[in-house]
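Asker: Take a look at this one; I'll ask things after.
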Amino acid sequence: MRGKVKKSFAILICIFVIVGGFYGVKRYNQYKTYKEDAVYLLNFLEDNYPYFEVKEKTLNYNFLDSKEKFIKKISKSRNDAEFIKNVSSTMMFLQNAHSRIGCNSDILKESNDKDALEKTRYWNEKLLKNIYIPDAKWKYIKGKYVIIKSKNKDIPKGSIITKFNGKSVSDYLKNNKDKYYLLKDYKRNLYYTSEDGSFKLDNFRDNIEFEYNGKKFNRRINYELINDDLLKWYSGGFSNNFGVNSSGINIDTDIVNNGKTAYVKIKSFSTEYMENDKLSLKNFLLKECENVDNIVIDIRRNSGGSNSYGEFLISILTDRNIENTFYQCYKNTKFMDENYFSKVDYTIFNENEIDKSQLPENNYNLEKYRIFKQSRIIMPHEDSIKFKGYIYVLVDDNVYSASEYFTNMIKKTKSAKIVGITTGGDGLGPEPISTFLPNSKLPVQIASTLGVNSDGRIDEEVHTESDLYIEQDFNDYIEFLNSGLSEIERSKYDTVYRKLMSELK
C-alpha cells in the first residue's frame with residue numbers, strides 16, 4: 001500500500017514539474033517577446049521623439065532617465081492587457097497628445113503586413129476593454145478643480161477638490177505624468193488636465209478631499225469600465241474626441257450684436273466635415289455678412305483635424321495673400337530616412353533644407369536634427385468675401401494641432417485677434433510618424449517634428465498666446481452649474497464671450 005502511495009506521489013510530483021516547466025517556458029518566452037518590444041520602443045523613442053528637451057524645460061523632468069524603468073515594467077507584463085497598459089503609460093509619459101498608442105491611417109494603407117493589420121484591430125479592442133471612466137468629472141477653472149457632473153451621491157456637483165490621494169491636485173498630477181496628460185497654468189504655476197482627461201486604464205479608486213458649502217469632506221472617486229451610456233453621460237452627448245455633437249452638426253452660425261457681428265462656431269477641423277462645412281460657410285459669409293463690422297470665430301474645444309480646413313476658412317475671408325514662415329526640425333535618424341524622407345517629395349525638402357545657423361536664435365540643441373524652412377501662402381478664395389473688418393478668434397487650452405495651426409496662421413492677417421487663454425500647442429508639424437512593435441505588432445505613433453515659429457520660439461513650448469487674455473470666471477461657472485443649462489457657450493455665464501461682446505458694442 002505504501003508503495004502505491006509513494007508511486008502516486010512521485011507521479012504527481014512529475015506532473016507538477018512538467019506543468020511547471022511548460023508554464024516556465026511559456027512565461028519566459030512571453031517575457032522575452034515583451035522585452036524585445038520594450039527595448040525596440042524605448043530605443044525608437046530615444047532616437048526619433050523630437051520633444052525631450054522641450055518637456056525637460058516646461059515640465060522639469062527627463063524622460064530618458066526613466067528608460068530602463070519602462071523597459072523592465074513592460075517586460076514584466078503578465079498578459080496582453082497589462083502589456084498594453086504599460087506601453088500606454090510609457091507613451092503618456094512623453095506628455096505629447098500626438099504621441100500615443102495608435103497610428104496614422106497612412107501606415108495602415110501602405111502596410112502589406114496582414115498580421116500587423118489584424119493585430120491593430122486586436123489591440124484596439126484590447127485597449128477599449130481596459131478604459132475606465134470616473135463617476136465624477138472635474139474641470140480646472142482659475143486655480144480651482146471643480147466637480148462639474150457626478151454620478152457619485154457622495155460627491156456633489158460644484159464641489160472643489162483640494163487634495164487628490166493625499167496631495168495637492170497639482171502635485172499629484174505632476175507626479176503621475178504616466179497617467180495624465182498635463183496642462184499648465186503658468187499664471188498660477190499649477191498643473192491640471194483637460195476636463196476629458198481623467199480616463200484611466202485601471203479601476204483603482206481615488207481618494208479626494210473636497211469643499212462643499214463651506215465644509216470639507218473625504219470621499220472616493222470610483223471608476224467603471226467604459227460603455228456607450230457612460231461615455232455619453234461623461235462627454236455630454238459628444239460623439240468623438242473633437243466635441244462634435246451626436247447630431248453630426250459641426251458648425252453653428254449667427255448674426256448678433258444688433259447685426260454688427262457675425263458668429264461662427266466650429267467644433268472640429270476634421271476632414272469628414274469639410275465638404276459640407278465649406279458650402280455652409282460660404283453661404284453664410286456671402287449672404288449674411290455683407291454689412292457686419294466683426295466676425296467672431298469660436299474654436300474653443302476644437303482639438304484639430306486637417307490644416308486644410310483652417311486654410312480654407314482664412315482664404316474665404318482674406319483679400320490678400322497671407323504668408324507665414326516657420327521651421328520644421330526632424331531627428332536625423334535611419335528610421336526617419338527609411339520611413340519618412342524616402343516617402344515624401346524629397347526635392348521640396350531639399351530646396352528648403354537649411355543649416356542650424358540660419359534658424360532664428362533659440363535656446364535648443366538642434367545638432368541632431370534636419371531643419372527645413374517652410375513658407376505657407378494662403379491666397380484669397382475665388383469666392384472670398386474680402387473682409388475688411390476685425391476678426392476675433394475665441395480659443396482655449398483644447399485648441400491643438402490643426403486648430404493651433406489655424407490660430408498661428410490667422411494672426412498673420414493683422415486684422416485678427418486671439419481671445420481667451422493660451423492654446424494647447426503642437427500645430428506646426430505634419431502627420432505623426434508611426435511604427436509597429438516587432439513581436440506584438442502594437443502600433444505606436446509620435447510627433448514627427450519640432451516646430452519653430454518665425455521668431456525662433458518652439459510652438460510646443462509657448463503655444464499661441466492670446467491678444468486679449470480672458471479667463472472663464474469661477475463664479476460665473478458655478479452659477480452655470482446651478483442654472484440647469486446643458487451648455488455654457490454664449491450663455492450669460494460664458495465670461496469670455498460676454499466680455500468680448502461688451503467690447504464690440
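The values are calculated or read from the model by the stated rules, or taken from the named source; none is laboratory data. It should be emphasised that the depicted structure is a prediction, and the values quoted were computed from it without experimental measurement. All Cβ positions, even for glycine, are placed from backbone atoms using ideal geometry, and neighbour counts span all protein chains on display. All accessible areas refer to the heavy atoms of the entire protein, side chains included, with ligands and DNA or RNA removed. Shrake-Rupley method; radii C 1.70, N 1.55, O 1.52, S 1.80 Å.
Asker: Between Lys32 and Lys114, what length comes free when the chain is fully extended (0.36 nm per residue of separation minus the Cα-Cα distance, one decimal in nm)?
Answerer: Between Lys32 and Lys114, full extension yields 27.2 nm more.
Asker: Which trypsin sites (Lys or Arg not before Pro) from the stretch 28-98 combine a DSSP loop assignment with at most 15 other Cβ atoms within 10 Å?
Answerer: Lys76, Arg78
Asker: Have a look at the DSSP beta bridges in the chain and tell me what percent are antiparallel, nearest 5.
Answerer: 75 percent
Asker: Give the separation of the Cα centroids, the stretch 136-178 to the stretch 412-462, in Å.
Answerer: For the stretch 136-178 versus the stretch 412-462, the Cα centre distance is 28 Å.
Asker: Then there's this: Could you go through the stretch 337-344 in sequence order and give the Karplus-derived ³J(HN,Hα) for each residue, using 6.51 cos²θ - 1.76 cosθ + 1.60 with θ = phi - 60°, rounded to whole Hz, and x for Gly and Pro?
Answerer: 4, 7, 10, 10, 5, 6, 10, 10
Asker: Just checking my list [x] 25.8, 107; [y] 35.3, 198; [z] 25.2, 88 against Rg and Dmax of the Cα atoms in Å computed from this structure; which label fits?
Answerer: Given [x] 25.8, 107; [y] 35.3, 198; [z] 25.2, 88, the calculated one carries the label [x].
Asker: Enumerate the whole-percent occupancy of each 5 Å bin, from 0 to the last occupied one, for all C-alpha pair distances of the stretch 302-445.
Answerer: Distribution as computed: 2, 8, 15, 17, 17, 16, 12, 8, 4, 1, 0, 0 percent.
Asker: If you count, for each residue, the other Cβ atoms within 10 Å and average over each peptide, how do 158-171, 366-379 line up from highest to lowest?
Answerer: The packing order, highest mean first, is 158-171, 366-379.
Asker: Which order do Glu361, Glu272, Glu404 take by accessible area at a 1.4 Å probe, largest first?
Answerer: On the way: Glu361 165, Glu272 125, Glu404 0 Å².
Ranked list, largest accessible area first: Glu361, Glu272, Glu404.
Asker: Given 0.36 nm per residue, what is the gain on full extension from Glu211 to Asn291 after removing their alpha carbon distance, in nm? Provide the component values of the computation, followed by the final result.
Answerer: Working: separation 80, 0.36 × 80 = 28.80 nm, distance 4.98 nm.
My answer for the length gained is 23.8 nm.
Asker: Counting only protein heavy atoms, what percent of the accessible surface of the chain is carbon or sulfur at a 1.4 Å probe?
Answerer: Result for the chain: 48 percent of the exposed heavy-atom area is carbon or sulfur.
Asker: Can you compute the modelled spin-label distance between Asn352 and Tyr390, with each label point 7 Å from Cα toward Cβ, in nm?
Answerer: Label-label distance for Asn352 and Tyr390, simple model: 3.3 nm.
Asker: Once you put a point 7 Å from the Cα of Glu272 and another 7 Å from the Cα of Asn203, both along the Cβ direction, what distance in nm separates them?
Answerer: Calculated label separation equals 2.9 nm.
Asker: I would also like to ask the following. Over all directions, what mean area does the Cα convex hull of the stretch 143-214 project, stated in square nanometres?
Answerer: The number I arrive at for the stretch 143-214 is 5.2 nm².
Asker: Once label points are set 7 Å from the Cα along Cα→Cβ at both Arg220 and Ser491, what is their separation, rounded to one decimal in nm?
Answerer: 3.3 nm
Asker: Can you send over the solvent-accessible area of Met501, 1.4 Å probe, protein chains only, in Å² to the nearest 10?
Answerer: The value for Met501 is about 20 Å².
Asker: Something else now. Per residue, how much accessible area does the chain show when a 1.4 Å probe rolls over the protein heavy atoms, in square angstrom?
Answerer: So the chain comes to 50 Å² accessible per residue, rounded to a whole number.
Asker: A follow-up question, please. Looking at this model, which pairs from Lys386/Lys414; Lys67/Lys373; Lys129/Lys232; Lys417/Lys505; Lys174/Lys412; Lys177/Lys216 are more than 24 angstrom apart at the alpha-carbon?
Answerer: In this structure, Lys67/Lys373; Lys174/Lys412; Lys177/Lys216 exceed 24 Å between Cα atoms.
Asker: I've got another one for you. Taking 0.36 nm per intervening residue step and subtracting the Cα-Cα distance, what contour gain separates Asp171 from Thr253 on full extension?
Answerer: Result for the pair: 25.4 nm of gain on full extension.
Asker: Given a Förster distance of 45 angstrom, what is the FRET efficiency for Asn152 paired with Asp47, based on the Cβ-Cβ distance and rounded to 0.05? Spell out each step's value before the answer.
Answerer: Values: r = 44 Å, r/R0 = 0.99.
About 0.50, to the nearest 0.05.
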